[in-house]
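Okay, so here's the structure we're looking at.
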Amino acid sequence: GGPALVNGVTTIDVADDASLTLHRVQSEHDRTIHFGATTCRLGASAKLASVSIATGADVARTALDVVLAGDDAEATLDGLYLPHDTQHHDNVITVQHAAARGRSHQRFRGIIDDQGRGSFTGHIIVDADTAGNDAVQSNHSLLLTSRAESDSRPWLEILADDVQCNHGATVG
């Protein structure tokens, strides 16, 4: 119930042809500072479905790094962040397409109330000499008061041909 610092690190390796569903809920006390980092590596034809929900902590920074290391790997990353009062929630997502025909879909939503602040930084990297990759990234936030703040930084880094990549962001 008192002040705390959380520094959680998770490393995941999804083997060829395997699948993993990951649910992550951050709901620490409002006097907590939370730093969370999750790194995932996906083998050939591996699948990752991740859902992240952030409701607590005074300051929360969540980093998710996913590498589609094998051909035909797929990652679906969904997130919801709900800062209120004076909470600050940061979401930093990086997906690297390091092999051919990978698919990634990022969908992050923020509902920000009071003087809360939410941010999303999404980075998609498509490595050179890969083909057939498909990447979609979206971030949509809703501000419930005039003092709430939202920052959105979608970012594509495409170093290959024959890919489909798009991103979008809205704040309302």
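The values are calculated or read from the model by the stated rules, or taken from the named source; none is laboratory data. Quantities reported herein were computed from a predicted structural model and do not represent experimental measurements. All accessible areas refer to the heavy atoms of the entire protein, side chains included, with ligands and DNA or RNA removed. Shrake-Rupley method; radii C 1.70, N 1.55, O 1.52, S 1.80 Å.
A few remarks follow.
- Carbon and sulfur %, accessible surface of the chain computed with the full protein complex present, 1.4 Å: 51
- Averaging the Cα positions of each part gives two centres, and for region 67-128 and region 138-156 these lie 13 Å apart.
- Karplus-derived 3J(HN,Hα), 6.51/-1.76/1.60, for each residue of region 19-34, Hz, glycine and proline x: 9, 9, 10, 10, 10, 10, 10, 10, 9, 5, 4, 6, 10, 9, 10, 10
- Accessible area of region 90-172 divided out per residue, in Å², using a probe of 1.4 angstrom: 46
- Region 1-81 - accessible surface per residue (Å², probe 1.4 Å): 48
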